[in-house]
Amino acid sequence: MERIEEKLKILADAAKYDVSCSSSGSKRKNNGSIGDASFSGICHSYTEDGRCVSLLKILLTNHCIYDCAFCVSRKSNDVRRAAFTVQEVVDLTMNFYRRNYIEGLFLSSGIFKNADYTMERLLRIVKKLRTEERYNGYIHLKTIPGASGELIQDAGLYVDRMSINLEIPTEEGLKMVAPEKDHASVRKPLAFVQNQISNFKSESKLIKHKPLFVPAGQSTQMVVGATPESDLEILKVADDFYQNYKLKRVYYSGYIPISSDNNLLPAIGTRPPLIRENRLYQADWLMRFYDFKVDEIVHESKHQLDLEIDPKLAWALRHPELFPIDINTANFRTIIRIPGIGRQSAMKIIKARQFGRLHEYQLRKMGIAYNRAQYFITCADSIINIGHTSMDWVRAQILQQSKASQKYLPQQQLSLFV
Amino acid sequence: MIQYIYDGSFGGFLCCVFECFERREFDVQLITEKVFAPDFFALSKTIVSDKAKAKRVLDGLTKSLDASRAKDFFRVFLSEDPIAIQNALGLIIQIFQKKENILENYGEEKALYFSQTLKKVGRERHRMKAFIRFEKSSNGMFFAVIAPDFNVLPLIIDFFTKRYTDQTWLIYDEKRHYGILYDKTGISEIEISELDANAIIPSNEVVVLDLEEQKYQQLWKSYFKSTNIEARKNMKLHLRHVPKRYWRYLTEKK
């Protein structure tokens with residue numbers, strides 16, 4: 001096997017735990033050479049685990065001076081090490097892009113020597129791609145915590161998105177598994193870049209040909225299930241980052257055990273908390289696109305999301321007083337809160353009802369999950385119910401219908417239903 | 001009921017609309033020349049494609065709706081679904097007669113079918129943006145072979161032209177026997193006979209590949225493998241995203 005293939009294997013393998021996969025949100029345009037960032041982003045392939053492949057996601061190196069317990073590349077781990085040269089990363093990116101394998105590059109790195117030394121190398125790669133190869137495709141760069149402001153500032157002029165991982169949702173959790181790290185070293189550069197983004201935005205109103213600065217914004221990632229934080233804590237942290245640093249995305253990564261030499265972490269063989277991770281993404285979606293507040297999503301008395309049902313349904317079941325909602329009169333904001341109806345169907349309903357009151361058979365055809373929504377709506381031909389439907393009964397009905405999703409639940413919980 | 005027989009092109013379709021209004025015949029069944037079998041008892045009329053007539057209909061649509069909504073009829077037409085095309089005719093007639101945007105009347109069967117077809121074509125278009133894999137030949141041309149469910153090649157030309165301005169490329173639809181060639185200055189449509197088409201499909205090894213082509217295909221395959229997380233394996237989800245019918249065109253799945 002060629003050395004380059006071996007490096008690619010090692011450094012793709014080490015980068016795959018970074019879950020950010022987005023290639024959207026940039027407005028970078030082709031200037032007559034190569035590359036054009038698609039605003040909506042494109043997933044070019046999907047791995048066998050079902051995650052999308054839109055970017056060539058690699059580490060520059062998996063050598064690292066740190067020893068974070070949750071990380072495959074930690075200093076004390078016995079793995080094969082490799083490092084790409086600047087030219088190798090450029091060649092791979094260009095050749096993959098020209099064949100339409102990828103939407104762009106996602107470049108991260110272990111930290112060798114020190115933060116600035118590593119950051120300086122990452123900067124050389126993105127600069128080379130933009131200026132020598134005249135490449136206008138997407139670039140997502142991981143900022144190295146602790147790197148100097150000038151380097152971060154400079155990199156921001158060449159990349160589309162930047163991110164730094166929070167790793168563990170809370171400071172206390174992080175200290176348990178990575179004593180050398182802290183949340184401040186993540187907050188500081190995120191705030192710095194956010195500040196620059198808004199500066200560039202206000203200047204661009206005065207200057208005609210404005211340079212782009214991190215046009216696709218910033219994101220971060222938290223590992224879920226390695227340390228004991230509750231879903232409420234996790235979502236509060238996410239909300240804080242959305243509010244204060246205007247992040248485009250917060251990613252949640254269900255912890256996959258990679259080592260047995262740390263007894264603070266789940267042991268090897270423990271299944272990654274996939275359902276929990278999925279529920280967190282659903283909750284995150286509700287915050288970003290459905291106008292839900294954290295305390296509406298997670299019940300203060302419970303602190304955990306319900307694993308059996310999605311958070312929107314769980315919210316609706318806790319609020320029988322708000323239902324049923326009349327499809328033919330309710331506004332958009334109210335309709336999207338109905339379980340089984342998403343934003344697109346809600347928009348269709350609003351448009352369609354201008355032509356006449358909607359009936360059940362029409363709703364069924366329009367693509368809403370009627371089996372789920374039926375308990376929460378009335379339409380033109382609904383039978384009027386006397387008295388309240390018990391939400392416990394509704395929950396049982398819906399669960400019975402969605403048996404398919406049950407088999408993915410952890411065993412001990414399944415036993416409650418048999 | 002009268003049958004209109006047209007050449008199967010979008011222009012021909014628009015001329016059928018023109019004919020409907022000219023002859024005040026609104027109960028029309030559209031049939032393409034290819035599938036037409038004369039029926040002794042049915043009334044039929046052959047519609048000759050005429051650019052000027054087609055343009056008048058398209059301009060009328062753009063005026064009644066807007067440019068992008070008018071283009072939706074082209075997109076739906078590319079589905080090659082006779083029911084969708086027949087429905088589209090009915091919708092255009094209604095739009096011209098009633099002067100309202102009935103395309104948003106999702107509670108009504110025709111409008112709903114229209115929007116659903118539009119969505120399907122849109123999805124196939126998006127997939128072709130994602131799943132096209134170019135191979136570099138020894139003369140520096142990047143070529144790709146596809147066989148999309150719908151005739152979406154016309155909808156992705158703009159995307160690839162913007163993206164690959166500095167390389168020559170060819171995308172060939174082997175199901176519909178035509179392709180688009182970009183030569184760094186502009187695009188042209190090419191038709192290739194089945195015999196020649198076999199020649200550009202690399203498995204036949206008639207095309208000479210660039211010396212580095214195999215290397216990058218191999219690197220991409222091994223990247224694809226390394227980026228998978230075994231502990232999260234979910235083939236059902238994988239297959240939903242990458243249906244098997246696309247596999248023979250995907251470097252990483254070959």
**Complete:** Scanning segment A:81-90 for residues that are more than 11 Å from chain B (Cβ to nearest Cβ) and not in a loop (DSSP other than H, G, I, E, B), the one surrounded by the fewest Cβ atoms within 10 Å (Cβ to Cβ) turns out to be A:Gln87
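For every residue, the table says whether it meets (1) at the interface with chain B (Cβ under 10 Å from one of its Cβ atoms); (2) open to solvent by 30 Å² or more (accessible area, probe 1.4 Å).
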{"position": "A:Glu5", "(1), (2)": "yes, no"}
{"position": "A:Asp18", "(1), (2)": "no, no"}
{"position": "A:Gly25", "(1), (2)": "no, no"}
{"position": "A:Gly32", "(1), (2)": "yes, yes"}
{"position": "A:Ser40", "(1), (2)": "yes, yes"}
{"position": "A:Cys43", "(1), (2)": "yes, yes"}
{"position": "A:Gly50", "(1), (2)": "yes, no"}
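Within segment B:173-192, take every residue that is in a strand (DSSP E or B) and more than 15 Å from the chain's Cα centre (by Cα) and give me the one that is modelled with the lowest pLDDT.
My answer is B:Glu191.
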**Request:** Just give me the residues in segment B:214-234 being within 7 Å of another protein chain (Cβ to nearest Cβ) and not polar (S, T, N, Q), in sequence order.
**Result:** B:Tyr216, B:Leu219, B:Trp220, B:Tyr223, B:Phe224, B:Ile229, B:Ala231, B:Arg232, B:Lys233
**Message:** Just to be sure I understand the filter: pairs with C-beta atoms under 6 Å, separated by 6 or more residues or on different chains, first member in segment A:208-235 and within 30 Å of A:His299 (Cα to Cα), second member of a type in the set (Asp, Glu). Which pairs pass?
**Reply:** A:Val223/A:Glu167; A:Val224/A:Glu277
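If you go through segment B:147-172, how many residues are under 11 Å from the mean Cα position of the chain (by Cα) and either modelled with pLDDT under 95 or part of a helix (DSSP H, G or I) (or both)?
Residues that pass the stated criteria total 5.
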**Request:** Determine whether segment A:19-33 contains at least one residue that is in contact (Cβ under 8 Å) with a residue 40 or more places away in the chain and outside any loop (DSSP other than H, G, I, E, B).
**Result:** no
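Considering only residues that are under 15 Å from B:Ser226 (Cα atoms) and surrounded by fewer than 21 Cβ atoms within 10 Å (Cβ to Cβ), which ones fall in segment A:52-65?
Answer for segment A:52-65, where residues must be under 15 Å from B:Ser226 (Cα atoms) and surrounded by fewer than 21 Cβ atoms within 10 Å (Cβ to Cβ): just A:Cys52.
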**Message:** Being aliphatic (A, V, I, L, M), open to solvent by 20 Å² or more (accessible area, probe 1.4 Å) and either part of a loop (DSSP other than H, G, I, E, B) or modelled with pLDDT of 95 or more (or both) is the filter here; which residues of segment B:59-84 pass it?
**Reply:** B:Leu65, B:Ile83
**Prompt:** Using beta carbons and a limit of 6 Å, which pairs, at least six apart or on different chains, have the first residue in segment A:71-85 and within 23 Å of A:Leu174 (Cα to Cα) and the second one open to solvent by less than 50 Å² (accessible area, probe 1.4 Å)?
**Reply:** A:Val72/A:Ala14; A:Val72/A:Ile258; A:Ser73/A:Ala14; A:Ser73/A:Asn62; A:Ser73/A:Cys64; A:Ser73/A:Gly110; A:Arg74/A:Cys68; A:Lys75/A:Cys64
**Prompt:** Within segment A:258-299, can you find the residues that are assigned to a helix (DSSP H, G or I), open to solvent by 40 Å² or more (accessible area, probe 1.4 Å) and aliphatic (A, V, I, L, M)?
**Reply:** A:Leu274
**Message:** Whether any residue in segment B:109-131 is in a loop (DSSP other than H, G, I, E, B) and modelled with pLDDT of 95 or more is what I want to check.
**Reply:** no
**Request:** Quickly run through segment B:104-134 and pick out the residues that are more than 15 Å from the chain's Cα centre (by Cα) and open to solvent by 40 Å² or more (accessible area, probe 1.4 Å).
**Result:** B:Glu108, B:Glu109, B:Lys110, B:Tyr113, B:Gln116
**Complete set of residues in segment A:91-111 that are of a type in the set (Asp, Glu) and either farther than 16 Å from A:Glu132 by Cα or crowded, with 23+ Cβ neighbours inside 10 Å (or both)** = A:Glu103
**Fill in**
The residue that is nearest to A:Ala184 (Cα to Cα), considering only those in segment A:214-234 that are out of contact with any strand residue (DSSP E or B) (no Cβ under 9 Å at 6 or more places or on another chain) and modelled with pLDDT of 95 or more, is A:Glu233
**Item:** Filter result (away from chain B (no Cβ under 14 Å), touching a helix residue (DSSP H, G or I) at 6+ places or on another chain (Cβ under 6 Å), open to solvent by 30 Å² or more (accessible area, probe 1.4 Å) and not basic (Lys, Arg)) within segment A:122-147
**Value:** A:Pro145, A:Gly146
**Request:** Output yes when any residue across segment A:8-15 is of a type in the set (A, V, I, L, M, F, W, C) and open to solvent by 10 Å² or more (accessible area, probe 1.4 Å), and no when none is.
**Result:** yes
**Message:** Being touching a residue at least 60 places away in the same chain (Cβ under 8 Å), within 20 Å of B:Glu104 (Cα to Cα) and either touching a helix residue (DSSP H, G or I) at 6+ places or on another chain (Cβ under 8 Å) or not assigned by the TED database to the domain that holds B:Lys119 (or both) is the requirement here; does B:Arg75 meet it?
**Reply:** yes
**Fill in**
Exactly one of A:Ile335, A:Ile349 is within 13 Å of another protein chain (Cβ to nearest Cβ), farther than 30 Å from A:Ile168 by Cα and either open to solvent by less than 20 Å² (accessible area, probe 1.4 Å) or touching a Leu at 6+ places or on another chain (Cβ under 7 Å) (or both), and that residue is A:Ile349
**Request:** Go through segment A:237-254 and give me each residue that's touching a Phe, Trp or Tyr at 6+ places or on another chain (Cβ under 8 Å), of a type outside the set (S, T, N, Q) and open to solvent by 10 Å² or more (accessible area, probe 1.4 Å).
**Result:** A:Leu247
**Message:** List pairs: first residue in segment B:120-138 and more than 10 Å from chain A (Cβ to nearest Cβ), second residue among the β-branched types (Val, Ile, Thr) and open to solvent by 10 Å² or more (accessible area, probe 1.4 Å) anywhere in the structure, Cβ distance under 9 angstrom, at least six positions apart or on different chains.
**Reply:** B:Ser137/B:Ile200; B:Ser137/B:Val207; B:Ser137/B:Val208; B:Ser138/B:Val207; B:Ser138/B:Val208
**Complete:** When (1) facing chain A (nearest Cβ under 7 Å); (2) hydrophobic (A, V, I, L, M, F, W, C); (3) assigned to a loop (DSSP other than H, G, I, E, B) are applied to B:Leu211, the one that fails is (1)
**Prompt:** Taking segment B:34-58, which residues are in contact with a Ser or Thr (Cβ under 8 Å, 6 or more places away or on another chain) and either within 24 Å of B:Leu153 (Cα to Cα) or crowded, with 16+ Cβ neighbours inside 10 Å (or both)?
**Reply:** B:Ser49
**Among the residues listed as A:Lys188, A:Lys201, A:Lys208, the single one being open to solvent by 40 Å² or more (accessible area, probe 1.4 Å) and either aromatic (Phe, Trp, Tyr) or part of a loop (DSSP other than H, G, I, E, B) (or both)** = A:Lys208
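The values are calculated or read from the model by the stated rules, or taken from the named source; none is laboratory data. Note that the structure is predicted; figures quoted are calculated from it, not measured. Every residue, glycine among them, receives a Cβ derived from its backbone with ideal geometry; neighbour counts consider all protein chains shown. Accessible surface areas use protein heavy atoms only, side chains included; no ligands, DNA or RNA. Shrake-Rupley method; radii C 1.70, N 1.55, O 1.52, S 1.80 Å.
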